[in-house]
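See structure below.
Values quoted throughout were computed directly from the atomic coordinates according to the rules given, and no laboratory measurement underlies them. No experiment lies behind these values; they were computed from the predicted model shown. Don't worry about glycine lacking a Cβ; one is built from the backbone with ideal geometry, like all the others, and counts go over all protein chains shown.
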């Protein structure tokens, strides 16, 4: 009985939904949502826009989220899909920074700016990856804003399709349809598709430094 009483005295961890409900009455509570998700949102924006533009986009994302905290759908416990959806729309509006970022990615790959652990096989693999990214960069830049939002959400958000649909405010079927179309558009000559998660793997492992 004493053990049960002790456990009952331990406060449960609040969900993001709980925090946002509280933030409607006590705005300061919104800081907890920022603390939980700022790193993930900033990482997504940095990959999308480059480091410099990501800082301003992060501030704008959370300012919008704060102002719209009363509209959060409380059937979802986590605010991450909602926040990433806002971040994706903020990034899509920043055409200049996004275009500059992908030109930098393409240029860096063209210069062969790769990193490796020193092994010949690994270095060769990185050079191959840089060449592939150099080829993909202009195709990614040519995608529509909706397609890029879907691509980057799929590759970099660690969200399942259902939550990607929630973030982008579309149906799950629309997410899969866009991904199928994106695979065809990014596929190399002679191929019908490309692994979209490969993009995240190579960028995260330092295959190309974008210089941003």
- Message: Between residue 56 and residue 17, what is 0.36 nm times their sequence separation minus the Cα-Cα distance? Round to one decimal in nm.
- Response: 11.5 nm
- Within 10 Å, count the other beta carbons around each residue, average over each peptide in 148-160, 68-80, 170-182, and list them highest first. 148-160, 170-182, 68-80
- Query: Fewest to most neighbouring Cβ within 10 Å: what's the order for 63, 45, 186, 83?
  - Reply: 63, 186, 83, 45
